[in-house]
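The values are calculated or read from the model by the stated rules, or taken from the named source; none is laboratory data. Remember, predicted model here, so these are calculated numbers, not experimental data. Every residue, glycine among them, receives a Cβ derived from its backbone with ideal geometry; neighbour counts consider all protein chains shown.
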Amino acid sequence: MARLPIGTLVLVIVSLLIYFGLAHRILDRMRLTDRQALVVIGLMIIGSFITIPVARGLVGVDVNVGGALVPLGLSIYVLGKAGTGKEIFRALIAAVAVAIAISFSTVFLGGTEPETMFMDPIYFYPLVAGVLAYVVGRSRRSAFISAILGLMLADVFQLVWYYAKGRSGFVSFGGAGAFDTYILAGVLAALLAELIGETRERLQGGPARENRDPELIAGLKTPEMASMLGADQKKGGEKDEQQK
């Protein structure tokens, strides 16, 4: 009996959390609705069975639809929803940091072949990517984006290295073990950002208040309050227009 890939299993668990309304806060930070998130997860799972051969020869290259193209599209979408240019810059810097860390981490793993490494790269790479993505990216969106983009960029570095050294090799973007790695890294980074961010906010009594409007702080505390705040402001504006 074939065992369910860890990446697919994680996506199924995340789907259940979304279905039962337990992931609302994270999705709100990602600017995603429950339905949009479930559609994306469905596309990842279905797309994981579709692999596009890009190059054959001394260096082979494949791109998996569910493991690479869908996460890449999601990362670009979330990046476009970033609150400020500073957050975008931080996410991109974090992605480069993740890529560099992953590229050099094989030295500590004991080689480039999985059987020679002291720890399975399917778990080691997401752990490094997830933690570093949060530390550098800091926000929920930045952490998620940089974890996935960083791993993809690391694969690009590997591909360039093969060509530069004239060595034979194979790079699969989002295929095989890379699918599990991308998914685990993105989920871990988002969870770390949520858990640590939520803990910090509770310890300091809510979101950072310095130089922020009191009504904005109230809206940041809960997504529901933010929605109510936006609706009230809209109604107030319409009322003023009618009075004019």
*Answer yes or no as to whether TYR162 is over 22 Å from SER75 (Cβ atoms) and at pLDDT 80 or above.*
yes
_Between GLY67, GLY42, which is in contact with a Ser or Thr (Cβ under 7 Å, 6 or more places away or on another chain) and within 21 Å of LEU184 (Cβ to Cβ)?_
GLY67
*Only one residue in THR199, THR181 is at pLDDT below 90, surrounded by 14 or more Cβ atoms within 10 Å (Cβ to Cβ) and among the hydroxyl-bearing types (Ser, Thr, Tyr), so which one is that?*
THR181
*asked:* Given the condition farther than 19 Å from GLY177 by Cβ, at pLDDT below 85 and either in a helix (DSSP H, G or I) or hydroxyl-bearing (Ser, Thr, Tyr) (or both), answer yes or no: does some residue in region 131-138 qualify?
replied: yes
_Given (1) β-branched (Val, Ile, Thr); (2) under 18 Å from ASP62 (Cβ atoms); (3) modelled with pLDDT of 90 or more; (4) buried (at least 18 other Cβ atoms within 10 Å of the Cβ), identify the lone condition not met by VAL156._
(4)
*Residues that are within 17 Å of the chain's Cα centre (by Cα), of a type in the set (A, V, I, L, M) and modelled with pLDDT under 85, drawn from region 85-130*: ILE122
*Mind counting the residues in region 33-64 that are without any contact (Cβ under 8 Å) to a residue 24 or more places away in the chain and of a type in the set (A, V, I, L, M, F, W, C)?*
9
